[in-house]
Amino acid sequence: LTAGILLLLFICLRYLLPVLLTFALAVMLALIAEPLVGFFHKKAKLPRGVATGIGMTMTLVLFILAIMVLVSLLVRELGMLAGVVPDLEHTAMQGMESLQLWLTGIADRTPKNLQPLVHRGVDGLFSDGTAIIDQISAKLLGLASGILSKLPDSVLGFATWLLAGYMISAKLPKIRAWLSAHLPKRWKETYLPALKNL
């Protein structure tokens with residue numbers, strides 16, 4: 001039973017999650033927007049479709065504003081970091097030189113027949129340091145190009161997310177009523193309160 005559950009979980013995460021993720025996020029968006037949608041539908045007496053449009057738009061605007069504030073804070077912090085980076089680089093280089101001198105001193109105190117081997121190892125360690133930096137730079141550039149190549153898919157996924165979120169939000173009361181009618185009583189008493197709190 002445990003192996004079967006683990007296998008099912010693996011299959012769900014490996015194959016179903018990429019397909020269903022957009023719709024799971026759309027359900028989350030609809031649930032987040034529901035208080036605003038409910039306010040416009042019940043208090044302002046607007047039709048559910050219009051209330052959904054207004055509530056979803058306001059939720060997205062608030063979400064985008066929060067992202068913009070976070071991005072502006074990140075840019076400010078990166079600007080401050082950029083001013084400090086030259087000093088950090090200089091300090092790091094001094095530390096590397098001190099470390100290399102210390103390791104070379106240790107290599108000089110090794111037995112004569114081992115000294116060439118230890119010296120080559122120390123020199124190789126510090127000459128490979130630049131190679132490691134080059135590899136990291138190449139990996140970062142590859143990651144950036146990979147993200148850029150996936151942008152068209154992201155735009156399509158974003159549009160699907162918005163459309164699915166709007167449709168789920170517009171039918172949310174009917175979806176809730178259907179689920180309430182079809183879920184076992186034990187589930188309603190045990191899991192639904194936990195999901196509501198979540």
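The values are calculated or read from the model by the stated rules, or taken from the named source; none is laboratory data. Just so it is clear, the structure is predicted and the values come from calculations on it, not from any experiment. Every residue, glycine as well, gets a Cβ built from its backbone with ideal geometry; the counts of neighbours run over all protein chains shown. Ligands, DNA and RNA are stripped out before the accessible areas are found, and what is left, the full protein with its side chains, is counted by its heavy atoms. Shrake-Rupley method; radii C 1.70, N 1.55, O 1.52, S 1.80 Å.
Key figures
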read-out	value
Candidate set from the range 1-30 (those that are of a type in the set (A, V, I, L, M) and loosely packed, with under 10 Cβ neighbours inside 10 Å); member that is nearest to the chain's Cα centre (by Cα)	V19
The range 47-65 - residue that is open to solvent by less than 50 Å² (accessible area, probe 1.4 Å) and aliphatic (A, V, I, L, M) and, of those, farthest from W161 (Cα to Cα)	A51
Failed item in (1) more than 34 Å from the chain's Cα centre (by Cα); (2) open to solvent by less than 50 Å² (accessible area, probe 1.4 Å); (3) not charged (D, E, K, R), with P116 passing the rest	(2)
Selection within the range 163-183 - open to solvent by less than 50 Å² (accessible area, probe 1.4 Å), out of contact with any Ser or Thr (no Cβ under 6 Å at 6 or more places or on another chain) and touching a residue at least 12 places away in the same chain (Cβ under 8 Å)	A164, G165, I168, L172
Filtered residues of the range 161-198 (kept if assigned to a loop (DSSP other than H, G, I, E, B) and either among the acidic types (D, E) or closer than 25 Å to F39 by Cβ (or both))	K171, L198
Odd one out for A33 among (1) exposed (fewer than 15 other Cβ atoms within 10 Å of the Cβ); (2) modelled with pLDDT of 90 or more; (3) within 17 Å of M167 (Cβ to Cβ)	(1)
Residue within the range 68-78 that is open to solvent by 60 Å² or more (accessible area, probe 1.4 Å), modelled with pLDDT under 80 and more than 26 Å from F158 (Cα to Cα) present	yes
Residue within the range 128-150 that is within 30 Å of H41 (Cβ to Cβ), under 29 Å from the mean Cα position of the chain (by Cα) and at pLDDT below 80 present	no
Residue within the range 54-76 that is over 27 Å from the mean Cα position of the chain (by Cα) and under 30 Å from A170 (Cα atoms) present	yes
